[in-house]
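Notes follow once the structure below has been shown.
Just so it is clear, none of the values below were taken in a lab; they were calculated from the coordinates. Here the structure is a predicted model, which is why all the values come from computation and not from measurement. No Cβ is skipped: glycine too gets one built from the backbone with ideal geometry, and neighbour counts run over all protein chains shown.
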Amino acid sequence: MNEHDETESFREQCRRQMDRPLEARMKYAFCRVYRPVLDDVPVRVFDTTKEYREWCAENLPAYLGFQPAVDETE
């Protein structure tokens, strides 16, 4: 299958999805996955953004993407 065929196939799939009722589109629009640590308690409150970022860096697995960005200028 060439790139043009893949693009057309994708567009056709999108058109078919738009024909579904809104309720069905919403049902299948989100992929719910367990996020370790984040989903273990219903809410966390921090006094500052700095505290939140430090907590993320210390407690969350790196693959979740909550680690601080590396500043390469330092």
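Got at least one residue in the range 58-70 being surrounded by fewer than 11 Cβ atoms within 10 Å (Cβ to Cβ) and on the phi > 0 side of the Ramachandran plot?
For the range 58-70, residues surrounded by fewer than 11 Cβ atoms within 10 Å (Cβ to Cβ) and on the phi > 0 side of the Ramachandran plot: present.
For the range 24-57, what are the residues that are among the aliphatic types (A, V, I, L, M) and surrounded by fewer than 10 Cβ atoms within 10 Å (Cβ to Cβ)?
Once the filter is applied, which keeps residues that are among the aliphatic types (A, V, I, L, M) and surrounded by fewer than 10 Cβ atoms within 10 Å (Cβ to Cβ), the range 24-57 yields A29, V33, V41, V43, V45.
Quick one: count up the residues across the range 1-23 that are assigned to a helix (DSSP H, G or I), surrounded by 10 or more Cβ atoms within 10 Å (Cβ to Cβ) and touching a helix residue (DSSP H, G or I) at 6+ places or on another chain (Cβ under 9 Å).
1
Mind counting the residues in the range 29-74 that are among the acidic types (D, E), part of a helix (DSSP H, G or I) and more than 16 Å from the chain's Cα centre (by Cα)?
4
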